[in-house]
1. Can you tell me how many residues within segment B:20-37 are more than 9 Å from every other protein chain (Cβ to nearest Cβ) and within 13 Å of residue A:44 (Cα to Cα)?
2. Which one is nearest to residue A:47 (Cα to Cα), of the residues in segment A:167-216 that are among the basic types (Lys, Arg) and not in a loop (DSSP other than H, G, I, E, B)?
3. What residue, of A:204, A:119, is more than 15 Å from residue A:50 (Cβ to Cβ), within 14 Å of another protein chain (Cβ to nearest Cβ) and under 18 Å from the mean Cα position of the chain (by Cα)?
4. Out of the residues in segment A:112-134 meeting the condition of being small (Gly, Ala, Ser) and more than 17 Å from residue A:97 (Cα to Cα), tell me which one is surrounded by the most Cβ atoms within 10 Å (Cβ to Cβ).
5. Please go through segment A:80-111 and pick out each residue that is within 13 Å of another protein chain (Cβ to nearest Cβ), crowded, with 22+ Cβ neighbours inside 10 Å and within 16 Å of residue A:202 (Cα to Cα).
6. Restricted to segment A:10-52, and to residues that are under 15 Å from residue B:16 (Cα atoms) and of a type in the set (Phe, Trp, Tyr), which residue is farthest from the chain's Cα centre (by Cα)?
Amino acid sequence: MKLLQTGRWITAVGLVLLAGVYVRALAFTPVERFQGPAQKIYYVHVPSAVVSMMAMGLVGLAGILFLLLKDQRFDRFGEASAEVGTAFSVVMLTTGPIWAKPIWGTWWTWDARLTLTLFLFLLFLGYLLLRGAVTDPGLRARYSAVLGICGLVLLPFIHLSVYLFRTLHPQPIVLKPSAPSLPGEMLVTLLVSFLVFVLLYVGFVMQRYALSLLREEAAHA
Amino acid sequence: MPEGVPQNSAFMIAAYVVTAVILVGYAVILYRRTLKP
């Protein structure tokens, strides 16, 4: 299947480029003076967080389009994006506390941003559990679409939580109305890392979508 | 490293290792699942 092969190639290229991001971040990006080397966790934590939110946003959009058009492709895409988003949210939820321990002195705190991102992860899990629990394909697609739309609604709250509530979590330094407050070399590393994470997301989703197609073909055979 | 900069490289290495394990692990799992759908 062409989609599967393309997805595998994109994933392989993405993983090689991820190694390149590591080299650039570790050897060619300056160490931040106050946080030390732990600041470099930023180059994997932030892209994984943005891609997780992007994945949930696309699950929600696919849900809306499925409910409007009843096209199975949107349901299949939503399933693929949710599973891949779960993997990226695990990266986000593990690298965040590893950064927090040396900087804040604690692995975790129940403030708004952290709690809402945990909720995002639980929504991903709930979405996947729901798909596993409902056997009727039509009902499964409809319920999943509604849950995906709930996830889409959550996203603005996650992004704005650092402005709406008192929180330990740093405010956005790139995704904000004014210019990014990050030195050029660090900004380039972050943007390159973000592009590689997006590439991996695309490769994973193509493979996962192809897997759904193969399963459907096997079920009808 | 300049004087006065916190020495916390171990946390950075841990985060990079965890990220690689999760992403490479998921890629391998996905590859194996597509071989036997």
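The values are calculated or read from the model by the stated rules, or taken from the named source; none is laboratory data. What you see is a predicted model; the values in this text were computed from it and never measured. Quick reminder, even Gly has a Cβ in these numbers, built from the backbone with ideal geometry, and neighbours come from all protein chains shown.
1. 1
2. Applying the filter and picking the extreme gives A:208.
3. On inspection, the qualifying residue turns out to be A:204.
4. Of everything passing the filter in segment A:112-134, A:126 is surrounded by the most Cβ atoms within 10 Å (Cβ to Cβ).
5. A:80, A:83, A:84, A:85, A:87, A:88, A:89
6. Applying the filter and picking the extreme gives A:22.
One line per residue, one yes/no per condition, for (1) under 30 Å from residue B:28 (Cβ atoms); (2) modelled with pLDDT under 95:
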| site | (1), (2) |
| --- | --- |
| A:139 | no, no |
| A:149 | no, no |
| A:181 | no, yes |
| A:187 | no, yes |
| A:192 | yes, no |
| A:202 | yes, no |
| A:212 | yes, no |
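Condition check ((1) out of contact with any Phe, Trp or Tyr (no Cβ under 7 Å at 6 or more places or on another chain); (2) farther than 23 Å from residue B:6 by Cα; (3) loosely packed, with under 14 Cβ neighbours inside 10 Å; (4) facing another protein chain (nearest Cβ under 8 Å)) across all residues:
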residue	(1), (2), (3), (4)
A:9	yes, yes, yes, no
A:15	yes, yes, no, yes
A:24	yes, no, no, no
A:27	yes, no, yes, no
A:31	yes, no, no, yes
A:36	yes, no, no, yes
A:40	yes, no, no, yes
A:43	yes, no, no, no
